[in-house]
Amino acid sequence: MSITQQYLLDSYRARLHGEPEPPAPGRHDLDALREVREYRRFSAVVAERPARGRLRYALRRWLSPRAL
């Protein structure tokens, strides 16, 4: 059963029982991603690490030629 079919089934059951419909699939995905990003930034600040640019810094360090 696909996620769309499950959503339609849940919506139908909610209407039969007079309950509010569940949120549509994918409706809160962006909000969840924003929360995860903010949590990671907060954790970085609490751990006294730079909150931004960590990925670029790591990639630059990894990809730069090393002096032997």
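Remarks
- Taking first residues from the stretch 19-31 that are surrounded by 10 or more Cβ atoms within 10 Å (Cβ to Cβ) and partners that are among the hydrophobic types (A, V, I, L, M, F, W, C) and outside any loop (DSSP other than H, G, I, E, B), the Cβ contacts under 8 Å between residues at least 6 apart in sequence or on separate chains come to GLU21/ALA14; PRO22/ALA14; PRO25/ILE3.
- In the stretch 13-45, the residues that are in a helix (DSSP H, G or I) and in contact with a helix residue (DSSP H, G or I) (Cβ under 8 Å, 6 or more places away or on another chain): ALA44
- Where THR4 falls short, out of the listed (1) open to solvent by less than 100 Å² (accessible area, probe 1.4 Å); (2) in contact with a Ser or Thr (Cβ under 9 Å, 6 or more places away or on another chain): (2)
- Subset tally (residues that are open to solvent by 90 Å² or more (accessible area, probe 1.4 Å) and in a helix (DSSP H, G or I)) for the stretch 46-68: 8
- Within the stretch 32-45, considering residues that are open to solvent by less than 100 Å² (accessible area, probe 1.4 Å) and aliphatic (A, V, I, L, M), the one farthest from GLN6 (Cα to Cα): VAL45
The values are calculated or read from the model by the stated rules, or taken from the named source; none is laboratory data. Since this is a predicted model, take the numbers as computed values, not measurements. Here the Cβ is made from the backbone with ideal geometry for all residues, glycine too, and neighbour counts use every protein chain on show. The accessibility values were calculated without ligands, DNA or RNA, using every heavy atom of the protein model including side chains. Shrake-Rupley method; radii C 1.70, N 1.55, O 1.52, S 1.80 Å.
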